[in-house]
Amino acid sequence: MPAPATRPVTPADLSPADFYQYLIGAVAPRPIAFASTVSAEGAVNLSPYSFFTIVSQNPPMLVFSPTSRGRDNSEKDTLHNVRAVPEVVINICDYALVEQLSLASAEYPSGVNEFTKAGLTEAKSDKVRPPRVAECPAAFECVVEQIIALGDGPGHGNLVLCRVVQAHFREDILLAGKPGIDPLKLEAVSRLGGDWYSRLRPENLFTVGRPNRHLGIGFDELPAHLRHSDLLTGNDLAKLANVERAALPTPAQIAEIKAEPMVAYLLHKHRDDAAEQQKQLTLLARQWLAKGRVAEAWRVLLVS
Ligand SMILES: Cc1cc2nc3c(=O)[nH]c(=O)nc-3n(C[C@H](O)[C@H](O)[C@H](O)COP(=O)(O)O)c2cc1C
């Protein structure tokens with residue numbers, strides 16, 4: 001298959017504001033930190049930040065980045081606050097809260113409490129001064145360890161490195177019997193480009209087995225007729241390539257699969273047309289791959 005057409009885009013040829021549109025559209029979806037901070041005088045601030053992720057397991061660290069304002073390079077209140085009081089609560093919103101989160105992003109004057117503007121409830125934190133959002137399904141109380149400026153022009157980022165010292169999780173999102181969050185219960189929201197958001201729905205979730213317990217043969221060792229097949233996708237081939245050499249089908253297993261009712265039917269039906277036979281067996285293998293029946297898919301793909 002020919003490689004799809006691509007367009008080269010060089011940041012230096014565009015205004016930062018235009019290149020930003022490509023960045024936020026392609027680096028998506030991004031989780032959102034709903035950051036609660038306090039000023040030196042104790043005024044509470046709450047703002048969303050989608051330049052946000054986990055950056056360390058031990059110690060548990062999060063990072064988010066308030067950029068300077070594009071119009072006048074001024075500092076956002078959140079950054080001003082964490083310089084004065086190096087503590088923050090990073091709240092995580094679900095779909096039920098997304099409009100209130102958006103409301104809190106409005107540029108209210110410094111000193112205006114966005115909890116009040118967005119109709120959210122302050123809950124006292126255990127270990128830091130900023131309050132957490134009582135309505136949020138998860139909240140991380142953090143100490144700000146470092147602030148790293150990433151430039152000095154309009155729109156420059158400021159990495160706020162946050163060490164988590166306490167967390168709060170709504171009971172109903174927790175996994176039963178082991179540590180962790182049930183992805184089917186947390187209807188997380190995230191940010192894309194433009195005004196787009198996404199919402200996690202159970203029907204959009206799937207698992208991918210991690211290949212860390214064994215070493216699969218890899219694409220380069222797949223038989224050429226499979227690697228170059230127009231019928232198998234990259235995902236199909238990756239499932240086949242994730243099988244260890246020792247688990248590849250034996251001649252006896254390949255002979256055995258010929259007796260499987262669907263395989264036997266296709267072999268018989270297309271006995272006079274080798275190409276059609278191969279095509280139909282490959283389509284059957286695809287269906288089995290989609291159902292996780294990788295060993296059987298391998299066998300049927302080696303039948304002819
Ligand atoms: C979903 C969402 C994500 C945002 N992410 C960021 C971000 O990562 N960095 C940033 O500087 N501003 C971001 N903003 C804009 C800030 O929330 C906005 O500038 C806010 O007014 C800053 O408030 P503050 O001055 O009270 O800190 C985001 C807004 C929304 C709605």
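Would you order Glu141, Glu296 from fewest to most other beta-carbon atoms within 10 Å of each residue's own beta-carbon?
The order, fewest Cβ neighbours first, is Glu296, Glu141.
Ranked by the mean number of other Cβ atoms within 10 Å of their residues, highest first, the peptides 252-265, 33-46 fall in the order 33-46, 252-265.
If the only charges are +1 at each Lys and Arg Cβ and -1 at each Asp and Glu Cβ, what is the size of the charge dipole of the chain around the Cα centre, to the nearest 20 debye? Provide the component values of the computation, followed by the final result.
Values: 31 positive and 34 negative charges, 154 e Å.
Value, rounded to 20: 740 debye.
Take each peptide in 22-28, 274-280, 3-9, count the other Cβ atoms within 10 Å of every residue, and average; sorted highest first, the result is 274-280, 22-28, 3-9.
Would you kindly state how much longer the chain becomes between Ser304 and Asp152 on full extension, computed as 0.36 nm times their sequence separation minus their alpha carbon distance, in nm to one decimal? Please report the intermediate quantities before stating the final value.
On the way: separation 152, 0.36 × 152 = 54.72 nm, distance 6.40 nm.
Roughly 48.3 nm would be gained on extension.
Within the same chain, aspartates and glutamates fewer than 8 places from Lys279 are excluded, and of the rest, those with a Cα less than 14 Å from its Cα are Asp230. Please give the FRET efficiency for Arg201 paired with Asp272, using the beta carbon to beta carbon distance and R0 = 45 Å, rounded to the nearest 0.05. Efficiency for this residue pair is about 0.40.
Computed across segment 90-226, the Kirkwood hydrodynamic radius from all distinct Cα-Cα pairs reaches 18.8 Å.
Taking other C-beta atoms within 10 angstrom as a stand-in for reagent exposure, Ile90, Ile147 fall in the order Ile147, Ile90, fewest first. For the chain, the longest principal axis of the alpha carbon atoms and the long axis of helix 274-290 meet at an angle near 40°.
For the pair Glu244 and His214, label points projected 7 Å from Cα toward Cβ lie 0.5 nm apart. Computed from backbone phi with θ = phi - 60° and the Karplus coefficients 6.51, -1.76 and 1.60, the 3J(HN,Hα) list for segment 34-44 is 9, 9, 9, 9, 10, 7, 4, 7, x, 6, 8 Hz; x is used for glycine and proline.
Charge dipole of segment 176-254 (Cα centre as origin; +1 on each Lys and Arg Cβ, -1 on each Asp and Glu Cβ, all else neutral): 320 debye, rounded to the nearest 20.
Could you tell me the calculated FRET efficiency between Ala40 and Asp172, based on Cβ-Cβ distance and R0 = 22 angstrom, to the nearest 0.05?
Values: r = 37 Å, r/R0 = 1.70.
Plugging the Cβ-Cβ distance into 1/(1 + (r/R0)^6) gives 0.05.
No disulfide-compatible partner, judged by a Cβ distance under 4.7 Å, exists for the following cysteines of the chain: Cys93, Cys136.
Listed peptides 75-82, 105-112, 226-233 appear in the order 75-82, 226-233, 105-112 once ranked by packing, highest mean of other Cβ atoms within 10 Å at the front. Separation of segment 1-64 from segment 72-132 is 17 Å, based on Cα centroids.
At a Förster radius of 51 Å, what calculated FRET efficiency corresponds to the Cβ-Cβ distance of Glu256 and Glu99, to the nearest 0.05? Efficiency, rounded to the nearest 0.05: 0.30.
Can you give the calculated 222 nm mean residue ellipticity of the chain, where each DSSP H run of n ≥ 4 adds -39,500 (n - 2.57) and the sum is split over every residue, rounded to the nearest 500 deg cm²/dmol?
Working: 10 runs with 83 residues, N = 304.
It comes out at -7500 deg cm²/dmol, rounded to the nearest 500.
Legend: residue pairs Lys76/Lys185; Lys127/Lys178; Lys117/Lys185; Lys258/Lys291; Lys185/Lys239, Cα-Cα distance threshold 23 Å; pairs beyond threshold, Lys76/Lys185; Lys127/Lys178; Lys117/Lys185; Lys185/Lys239.
Values in this text are rule-based calculations from the coordinates and carry no lab data. Since this is a predicted model, take the numbers as computed values, not measurements. With ideal geometry, Cβ positions are generated from the backbone for all residues, glycine too; neighbour counts draw on all protein chains shown.
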